[in-house]
2 protein chains.
Amino acid sequence: MSNPGFSKGLEGVVAAESTICKVDGENGRLFYLGYSIRDLVEHCTFEEVTFLLLYGQLPNEEQLEDFSSAMRGKRKLEDPVKKMITDFPRDSHPMEMLQTVVPYLAAYSGPEGCRDTEFDCLYAEHLIPQLASAVAAWHRVQQDLPIVDPDRSLSHGANFLYMLTGEKPSELAGRIMDGCLILHAEHGLNASTFTARVVASTLSTCYSAIAAAIGALYGPLHGGANEKVMDMVDEIEADASLSPGEWVSKALSEKRKIMGMGHRVYRAKDPRAIIIEGYLEELGKQQGDTSYYDMLKEVERVFRERMEEKGKPIYPNVDFFSGALYRMLGVPTILFTPIFALSRASGWLSHIIEQRHDNRLYRPSSTYVGEIDRPFAPMSERE
Amino acid sequence: MSNPGFSKGLEGVVAAESTICKVDGENGRLFYLGYSIRDLVEHCTFEEVTFLLLYGQLPNEEQLEDFSSAMRGKRKLEDPVKKMITDFPRDSHPMEMLQTVVPYLAAYSGPEGCRDTEFDCLYAEHLIPQLASAVAAWHRVQQDLPIVDPDRSLSHGANFLYMLTGEKPSELAGRIMDGCLILHAEHGLNASTFTARVVASTLSTCYSAIAAAIGALYGPLHGGANEKVMDMVDEIEADASLSPGEWVSKALSEKRKIMGMGHRVYRAKDPRAIIIEGYLEELGKQQGDTSYYDMLKEVERVFRERMEEKGKPIYPNVDFFSGALYRMLGVPTILFTPIFALSRASGWLSHIIEQRHDNRLYRPSSTYVGEIDRPFAPMSERE
């Protein structure tokens, strides 16, 4: 077998050809199935974008109505699933709960055939709303509050906030939540999406592949960046002696990392960050409190000034503003990564479909660099 | 970014350097950490081989006693885990149950710190026995039989059979089960092991990585081959008009695939198949019924004759004899892949440790082959 050399972490190795997501890092643009994320977030619901990711085209009115109606009809958790979430240990992490609940969902309330190797979009219609409901239910249980049943009249994002807080969100808050789910739904071949494709390539069920992807997203090298931004926000807020800008200058002089800045691919400002920044300002104005927005903009301004002085233009990424926005929407920090999961589920499913469409089992090689034919020492001779 | 071309399924691409497993396909030899599988299966318990896979060296007497004692002390399932397995839907698949139970185990009974990013062999000591107990418990529940509590005096393999059947196995049966677990514990970078490494590379918990690997093994392109051999065995047995050899000739003339033959890597007889064949003969003699052994040997003989006539030497692989052996040990067919999982868990954990030792996040690229900047059509203009 030819050995084309070893690239750690498969960096630079092409593991798939894909028509799903294009990141134009130079120009700070992002496309799902060729459509600019700006257009999608401005004109579409999360359900509409999910349809695009599953079927490769935008739905017409009838298709969207059927699809949204199907997804909304599958939001309610079955009693055994509620019970399982209720029984889940209190000190567990919601990502553990999610990884547990997904194969359980297949077993309990999955559509007929959901254990077949053939993919059917029915599974997506079931899985995506159930994930959102499971995360909301977990939070309610943690707060010793009753689980809230879904409301079909609400969008996917608004219903999630309703099931989380028990209160119907404002039109703006619901729209922003839906927009955030759209913005996180897909971003090419990251570790969790790659995991989903590898598992799907064995012809395992899509539930298994999604559960596996959740396991990958749980890793701090992958998910969790916006949590770290909020740790920074809390630290800046707690230090009354320094303005946010002064805090940044001090942190940089101490060679500390400013969270939420820079991106492996984007050389311009992450287009998702621009949209989320707008949401944060809009919601702050509606709620009469723009302090997070003001603080983060000052952090960004001072950080960029310092970087430009060094000739290193570095911009905020998607995580820089999203944590503060989620907090203003009433979402606790521990749910940031689970929300990423229930948004990205649409992208994972899109990749599972693409993988299956022209499948080849992922089976890379390894190079053996160990010993061979070690003499077997009987127990009495071992040190 | 350089694009070294696209190899579907990452075929021929090196994704890791490893000291864990060497398959010498030309000569039909297999090594774990440099030790021949023949030596290991002849002299070691499964616990001993697990120690080797985790620590990279064979244990001395005291180390083995401590390690075995720790693993045996962690076999018992906590009540909430038993309850979860009992409540699992009856028509579910045990691989779904296993994938569900692993993150649940972390949440319920995992050792302190088991959600940390640092790997600790304590997690392996907990996870490996719990997996075996969970599979046995699932089977008992399916049979409407009480869950059997473990017996510390028995080896890992013998205890599994005891918890499965409620009866202590013969010394030979226990030894054979332990041997089968050793033989399946590791085999390099297949799809499930690769999945475990990818998830581990995000610094997710080892429970998440194992659950994800279980999801990959659930796929019919990966696990399940020995089930297909048993379908063939049952078909041969049901056809009284043909001897096994005649059945093979007829099947080949009809261009049917003979299951359990050939291997991507081995050009000689799979060394594991040779050992399992010996087990099957030995157990058959003890039980006074060598009919499976006799049948499979005739299938092998006639198949190899026909292949050699064509100049294609093809040999049985590990799956050819293992299904019949498991059946004689009282293991139902649906548990074959779960048993593979609870054996391979040791190998997965070994790879997780190796991955973490010099970690780099797995993040391959994809090549975008889709459209860009599609004009956004308003709803009313969509077809």
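All of the numbers you see were taken from the coordinates with simple rules; none came from a lab. These figures come from a predicted structure and were not determined experimentally. Virtual Cβ from ideal backbone geometry, glycine too; neighbours counted across all protein chains shown.
A few remarks follow.
- The amide H of B:E17, built 1.01 Å from its N in the peptide plane, has A:T367 as neighbours under 5 Å, considering only residues 5 or more places off or on other chains.
- Electrostatic dipole magnitude of the protein assembly as shown [Cβ: Lys, Arg +1; Asp, Glu -1; Cα centre; debye, to 20]: 1020
- A Cβ-based charge dipole, computed about the Cα centre of the range B:225-328 with Lys and Arg at +1 and Asp and Glu at -1, lands at about 620 debye.
- Note on B:K228 and A:E61: their simple-model spin labels are 5.0 nm apart, each label 7 Å out from Cα toward Cβ.
- Simple spin-label estimate for B:E309 and A:S7 in nanometres, 7 Å along Cα-Cβ: 4.8
- Of the peptides A:323-332, A:67-76, the order by per-residue mean of other Cβ atoms within 10 Å, starting with the highest, comes out as A:323-332, A:67-76.
- Semi-axes of the equivalent ellipsoid for the range B:215-256, Cα gyration tensor, largest first, Å: 26, 12, 6
- Note on the range B:307-383: the alpha carbon radius of gyration divided by the globular reference 2.2 N^0.38 Å gives 2.18.
- Hydrodynamic radius (Kirkwood) for the protein assembly as shown, which is based on Cα pairs only, to one decimal in Å: 27.5
- Convex hull volume of the C-alpha atoms in the range B:225-328, normalised per residue: 92 Å³.
- Assuming charge only on the beta carbon of Lys and Arg (+1) and of Asp and Glu (-1), the dipole of chain B about its Cα centre is about 740 debye to the nearest 20.
- In order along the range A:265-271, phi translates into HN-Hα couplings of 9, 6, 9, 10, 5, 3, x Hz, rounded to whole numbers, per the Karplus curve 6.51 cos²θ - 1.76 cosθ + 1.60 with θ = phi - 60° and x for Gly and Pro.
- Other-copy label distances relative to B:E308, 7 angstrom Cα-Cβ extension, nm: 8.0
- Length available on full extension from B:R382 to B:E237: 0.36 nm per residue minus the Cα-Cα distance, which gives 46.3 nm.
- Once you divide the Cα radius of gyration of the range A:1-88 by 2.2 N^0.38 Å, the number left is 1.63.
- Selected from A:F31, A:C121, A:S249, residue furthest toward positive end of dipole (chain A; charges at beta carbon): A:S249
- The range A:187-201 - phi-based ³J(HN,Hα) in whole Hz, Karplus 6.51/-1.76/1.60, Gly and Pro as x: 7, x, 8, 7, 4, 6, 5, 4, 4, 4, 5, 4, 5, 4, 5
- Calculated P(r) tail over 26 Å for chain A, as whole % of Cα pairs: 55
- Taking each residue as 0.36 nm, the span from B:S69 to B:E42 lengthens on full extension beyond its C-alpha to C-alpha distance by 7.6 nm.
- By the rule of a C-alpha distance below 15 Å, with chain neighbours fewer than 8 residues away ignored, the aspartates and glutamates paired with B:K82 are A:D87, B:D144, B:D149.
- Loop-located GluC sites (Glu not before Pro) in the range B:1-44 whose Cβ has at most 12 other Cβ within 10 Å (DSSP): B:E26
- Amide H contacts of B:L189: A:S366, each under 5 Å away and 5 or more positions distant or on a separate chain (H built 1.01 Å from N in the peptide plane; Pro and chain starts excluded).
- Sorting the segments B:186-198, B:278-290, A:149-161, A:105-117 by their mean number of nearby beta carbons within 10 angstrom, highest to lowest, gives B:186-198, A:149-161, A:105-117, B:278-290.
- If you take the Cα centroid of the range B:169-210 and the Cα centroid of the range B:320-353, the two points sit 9 Å apart.
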